[in-house]
Amino acid sequence: MYTFTTDVIVIGSGFAGLAAAIEAAGAGASVVVLEKLRAPGGNSAISDGGIAAPGTTYQENAGISDTPGLMYQDMIEAGEGLNYPELVKLITDRAKDVFLWSRDDLGVKYLDRVDIFGGHSVPRCYTPESISGADLIKGQLARLKEQQVPIRLGAYVKTLLQDEAGRVHGVGFLDGYRFGKPERGSEKTCFASKAVIVASGGFGSDVAFRQAQDPRLDDSLGSTNKRFATAEVLKDCLRIGANPVQLSRIQLGPWASPDEHGFGAGPLFGDYVVIPYGLMVDPATGSRFVNELSDRKKLADAMLSKERPVLGLADQTGVEVAGWDLSRSLKKGVVKTYPTLDELALDYQVDPVSLERTLHRFNQMLRTGHDADFQKPIMPKAAPLEKPPFYAMRLWPKVHYTMGGIQIDTSARVIHRDQHPIQGLYAAGEVTGGIHGACRLGSCAITECLVMGRIAGRNAAR
Ligand SMILES: Cc1cc2nc3c(=O)[nH]c(=O)nc-3n(C[C@H](O)[C@H](O)[C@H](O)COP(=O)(O)OP(=O)(O)OC[C@H]3O[C@@H](n4cnc5c(N)ncnc54)[C@H](O)[C@@H]3O)c2cc1C
């Protein structure tokens, strides 16, 4: 069987794996990245690329006061205290550094704006100009090219290999793999003289595995993830004794549309317009039912309790204040516009009188600056919804992110179920568990991938 040896093997070419590879190579190690797909980037490349960081000049210019401590508190609150505090502290302390690394070292151009997503107490999220994680992936790949780090595509890792002392010292993989056609690949082995880093992402599309963790998440529920987001490497980590953490904590994206597949175009309206500047309405009653700026878990739970899609609404002023180009979602018909509220109500079969009453009350509260019904924080630029056209989108949660995974420590070492580090094994990114607890806040995954990926790379190269 064909074998080769390197210092460090990285499994997966998303944000976490590429960050780890850059740091390991920068520390002088020889590195290979193994990626099962024919293109690098994983879910990272299809993400919005939004990254969270406190204490930036973008915030300062917008008059927003923020600290790592405040971001820490927000993450712990959304996580219902299930988060591993030392990991959250590390990530929030280093968030600004990795944001600046992505911009100044890797060349990502960010929009000159700061956004807020549900559960953050202040705006602290930065979006690339392209509204895509592909920019950061491109910057990471360019750096790895300079460093002459090979990325082997079509390399599907099947097994972690251990020596007699239990140290992870390599992987068995299928070379020439095509997604869904394992018989095409040929068996190969790669040995690592220093360490293996697992960065194989989440398991949002692995219906059997996710449903075993949370029986409600069957295949009737859509997912924002690509089909390759499966659990095989995670399961192999468990086989060799890695400790599973909070695997049943799976996030549903509450800003998704049931009228399109995958992530789609709708979330730009749902997450960036409705949540900060609009309102959500239960079509059965025509009433609001939740603080729209709640974290994703609270929002998704509230929606699921309605047992059918709810409506996200905004008006022309809200859309202008938010400042996003909604042409894709409008063209797809996922977001629709109406000259009057009555026409909107008719189309979605909502009682027009109740809807009018709800909007009237919501507008009154916007004027007073206080949401007496659901305590939604009122954004400084939020204005009463009065200017047509009125925008509407059906909202229904989709499987988005897996908070659970394998246990790591602050050195990114993988922890055995007997609570000692597994020698030679590091991990970073969505495959790890315990950082976000019950609920990940928007934009914190990328921050986490970069902080923990870089730590894993540096330590693996030692
Ligand atoms: C549509 C969408 C939008 C998002 N938007 C944001 C956002 O704006 N901000 C934010 O913070 N988070 C966002 N997220 C979440 C965030 O993008 C992910 O959590 C993060 O990118 C995961 O990075 P990763 O490196 O851990 O894994 P991934 O990027 O998924 O990479 C893992 C890689 O490992 C490979 N792999 C898996 N198994 C094997 C194997 N057996 N052998 C070899 N290779 C393997 C996969 O093919 C994949 O390429 C979004 C997620 C989605 C799905």
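Quick notes on this structure:
- Residues considered: Gly442, Gly434, Gly453. Of these, the only one that is of a type outside the set (D, E, K, R), part of a helix (DSSP H, G or I) and modelled with pLDDT of 95 or more is Gly453.
- Residue list for the range 284-340, filter: part of a helix (DSSP H, G or I), of a type outside the set (Lys, Arg) and closer than 20 Å to His261 by Cα: Ala300, Met303, Leu304, Ser327, Ser329, Leu330
- Search result, residues across the range 1-34 that are within 16 Å of the ligand (Cβ to nearest atom) and among the acidic types (Asp, Glu): Glu23
- Candidates in the range 242-264 are the residues that are in contact with a Leu (Cβ under 9 Å, 6 or more places away or on another chain) and part of a loop (DSSP other than H, G, I, E, B); of these, the one that is surrounded by the fewest Cβ atoms within 10 Å (Cβ to Cβ) is Pro258.
- Search result, residues across the range 397-417 that are part of a strand (DSSP E or B), of a type in the set (D, E, K, R) and more than 12 Å from the ligand (Cβ to nearest atom): Arg413
- Residue match in the range 160-182 (condition: modelled with pLDDT under 95, within 12 Å of the ligand (Cβ to nearest atom) and part of a loop (DSSP other than H, G, I, E, B)): yes
- All told, Ala383 falls short of being small (Gly, Ala, Ser), buried (at least 20 other Cβ atoms within 10 Å of the Cβ), touching a residue at least 40 places away in the same chain (Cβ under 8 Å) and not assigned by TED's automatic domain parsing to the domain that holds Ala192.
- If you filter the range 219-241 down to residues that are more than 8 Å from the ligand (Cβ to nearest atom) and in a loop (DSSP other than H, G, I, E, B), you find that the one that is surrounded by the fewest Cβ atoms within 10 Å (Cβ to Cβ) is Ser220.
- Restricting attention to the range 191-205 and to residues that are within 10 Å of the ligand (Cβ to nearest atom) and out of contact with any His (no Cβ under 7 Å at 6 or more places or on another chain), the residue that is nearest to Gly262 (Cα to Cα) turns out to be Ser205.
The values are calculated or read from the model by the stated rules, or taken from the named source; none is laboratory data. The structure presented is a predicted model; accordingly, all values stated were derived computationally and were not measured. Every residue, glycine among them, receives a Cβ derived from its backbone with ideal geometry; neighbour counts consider all protein chains shown.
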